[in-house]
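The values are calculated or read from the model by the stated rules, or taken from the named source; none is laboratory data. For clarity, every value in this text was computed on a predicted model and none was experimentally measured. Glycine also receives a Cβ, built like all others from the backbone with ideal geometry; neighbour counts cover every protein chain displayed. Quick note on the areas: whole protein, heavy atoms, side chains included, nothing else; ligands and nucleic acids left out. Shrake-Rupley method; radii C 1.70, N 1.55, O 1.52, S 1.80 Å.
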Amino acid sequence: MWKTVGYYNGEMGPLEEMKVPMGDRALYFGDGIYEATCVANRVPFALDDHLDRMYNSLRLLEIPFKKDRDWMKAELQKVIDAAEDSPIHFLYWQISRGVCPRNHPFPKDVEPTLMAYVKPHTMKPMDKPYKLISLEDTRFKLCNIKTLNLIPSVLANQRAVEHGCDEAVLHRGSRVTECAHSNISILKDGVLRTAPTDELILPGITRKHLLALARENGIPTDETPFSMVELMNADEIIVTSSSALCMMVESIDGIPVGGKDRKRLKLLQDAYLAKFQRETAK
Ligand code: PLP
């Protein structure tokens, strides 16, 4: 067992000692897709949802990955089970188009590669609000695919850190899309509103669960785009991701926001945490 486990095409070891071949197309082109989720009691949360999105991303990038869902589950479980105990682990995996000499077109007869790691993780307390910075969304129009090409998100997150913020909220013109590595939703007049799943956002698993939990709890939902002005005037703002679940927001660009519908916000956060605990119980 290791504290952090690395995996590459069936080989496992301590993450810091693992090496990958120089020909992996992930290194040159970001030519691959990834997924990540939290693990409690060695049970990966919402794994089927992540595998659904993984196979969809592979299909959209035309990566001919042949392994089925049962094989994927067994392989990821091996990585989880090789980790030392921790209350929560973080599981990450990526599939690239394969290893071959660098050349833009797809290689022929090359097997995709699977890489993964597991490390101890601490979830942020949901009652500690996020500070956001707003930035123009400079990403390409394949944001619905969870590709490895993350440079605009890396730069946006760096700007957030430099401004003492937790995340960057991105907009195309006035339209809010999502955050650098999270989706964003608002509560306004008792309705949960979030951007539709088009090519401008990643269809987040946490976003999907939040919408379902809202409906189950009598909160109407609305999947139409909203503007920066509507964001600034929202009753509450919720940032969702697999690594931090549902975080509330207290400021954007240093201006106080939200704080006007704590009851519904707390109901959704509690419902989410309960779902996480129920579905990862031993
Ligand atoms: N949007 C982007 C751009 C992301 O990178 C992520 C997570 O990595 C999300 C949204 C949240 O998705 P999920 O809830 O599936 O983690």
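In table form, for the structure just shown:
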{"read-out": "Selection within the range 161-195 - in a loop (DSSP other than H, G, I, E, B) and either of a type in the set (D, E, K, R) or open to solvent by 30 Å² or more (accessible area, probe 1.4 Å) (or both)", "value": "HIS163, GLY164, ASP166, GLY173, SER174, HIS181, ASP189"}
{"read-out": "LEU245 vs. criteria in contact with a Phe, Trp or Tyr (Cβ under 7 Å, 6 or more places away or on another chain) and within 16 Å of the ligand (Cβ to nearest atom)", "value": "yes"}
{"read-out": "Test for ILE201: is it away from the ligand (no atom under 15 Å from the Cβ) and in a loop (DSSP other than H, G, I, E, B)", "value": "no"}
{"read-out": "Test: residue in the range 100-111 that is buried (at least 20 other Cβ atoms within 10 Å of the Cβ) and of a type outside the set (Lys, Arg)", "value": "no"}
{"read-out": "Out of ALA40, ALA36, ALA83, ALA116, sole residue that is outside the structural domain of PRO203 (by TED's automatic domain parsing), modelled with pLDDT of 95 or more, touching a helix residue (DSSP H, G or I) at 6+ places or on another chain (Cβ under 6 Å) and closer than 17 Å to VAL5 by Cβ", "value": "ALA116"}
{"read-out": "Filter result (within 18 Å of LYS128 (Cα to Cα), more than 9 Å from the ligand (Cβ to nearest atom) and among the hydrophobic types (A, V, I, L, M, F, W, C)) within the range 164-184", "value": "CYS165, ALA168, VAL169"}
